[in-house]
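Quick notes on the structure that follows.
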Amino acid sequence: MKFSGQILKMVTQNGKPIQYFLNLSNDLINMNQLIGKNIKLKHIGYDCVSCNSDEKIYRMGFCKRCFFESPFASESIIRPELSTAHLGVGERDLAVEESIQLKPHIVYLAYTGDVKVGVTRESQIPTRWIDQGATFALQIAKTENRYEAGMIEVAMKEHLADKTNWRKMLEDDFEDDLDLADFREKIKNYFPDDFKNFYSGEEEIVKLDFPYEAPEKIASFTLDKKPEFEGVLRGIKGQYLSFEGGDFINVRGHEGYVIELEI
């Protein structure tokens, strides 16, 4: 059976285990059903997620021009503290930025090999945690807009990581005595004075169940360096497909790539 299309990040449904669907030009393929099966991947082109040009993908699924022009790739997407929509000031497209930034946001702790702090729109919970491969996650604040959440994150970053170490996440090794709720109480004092009212201390820890067991070896590959790949799918965590022998591919890191998938 063969499929082809533009890669977008995998669609997920929280469950026991989490269900994954590979998105190829909006055709959804249930990847859980393919665990244990041989899969062939072949990179055949590019399709920018914004303008649909066939120019090489530069970053985040965008061609180079769109990465520097699209409001969906603006600085505030990566650094929430730079948001200005709450001031009525646009960066690239105020209407688009208002639709993203002027929504309730969550500041959270997640365990992805280490405890990290992050920000996401409330509507993206728990999807954001699943995409990051978080074993556990916990809300620590709820804000009215992206800027407020970003300012809290900036303060937290002085004490916690804000990036996921993909290798440690895939090693799937965590401390049995890890207590994110206790962590949340300890960092309460680090909240900026102007934002302490957003602190949220009542939410429960969320545990996520991935269809995944860590292999002995972990080695990632890209379709740029390995445009054709064949292997037996062994599991899925975050946005990574795990293949027999310890080979991994980051699906989200290949958004905008056009591939052929043969099962």
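The values are calculated or read from the model by the stated rules, or taken from the named source; none is laboratory data. Keep in mind that what you see is a predicted model, and the values were worked out from it rather than measured. Glycine gets a Cβ as well: all are built from the backbone with ideal geometry, and neighbour counts include every protein chain shown.
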Pair list, Cβ < 8 Å and 6+ apart or interchain, from region 201-229 residues that are closer than 30 Å to ASN189 by Cβ to residues that are in a loop (DSSP other than H, G, I, E, B): VAL206/PRO126; LYS207/THR135; LEU208/ASN14; LEU208/ILE18; LEU208/PRO126; LEU208/ALA134; LEU208/THR135
Say we look at region 1-55 and pick out the residues that are among the acidic types (Asp, Glu) and surrounded by 14 or more Cβ atoms within 10 Å (Cβ to Cβ); which of these is farthest from VAL206 (Cα to Cα)? GLU55
Lone qualifier among VAL96, VAL117 - being under 16 Å from LEU180 (Cβ atoms) and outside the structural domain of VAL11 (by TED's automatic domain parsing): VAL117
If GLY113 satisfies all but one of (1) surrounded by fewer than 20 Cβ atoms within 10 Å (Cβ to Cβ); (2) assigned to a loop (DSSP other than H, G, I, E, B), what's the number of the condition it fails? (1)
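Given region 144-263, what strands (runs of 3 or more DSSP E) lie entirely inside it while holding 1 or more residues that are among the basic types (Lys, Arg)? It would help to see each step written out before you state the result.
Values: elements: 228-237, 240-243, 247-250, 257-262.
In region 144-263, 228-237 are the strands (runs of 3 or more DSSP E) which contain 1 or more residues that are among the basic types (Lys, Arg).
Here's the yes/no breakdown for (1) more than 29 Å from GLU213 (Cα to Cα); (2) at pLDDT 95 or above; (3) more than 19 Å from the chain's Cα centre (by Cα); (4) part of a loop (DSSP other than H, G, I, E, B):
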residue: PRO17; (1), (2), (3), (4): no, yes, no, yes
residue: PHE21; (1), (2), (3), (4): no, yes, no, no
residue: GLY36; (1), (2), (3), (4): no, yes, yes, yes
residue: ILE39; (1), (2), (3), (4): no, yes, yes, no
residue: ARG65; (1), (2), (3), (4): yes, yes, yes, no
With the requirement that a residue be among the charged types (D, E, K, R), closer than 19 Å to GLN132 by Cα and touching a strand residue (DSSP E or B) at 6+ places or on another chain (Cβ under 7 Å), what does region 173-216 give you? LYS207, GLU213
Output for Cβ contacts, cut-off 6 Å, separation at least six or different chains, first residue more than 21 Å from VAL154 (Cα to Cα) in region 82-95, second surrounded by 15 or more Cβ atoms within 10 Å (Cβ to Cβ) and of a type in the set (S, T, N, Q), reads ARG92/SER74
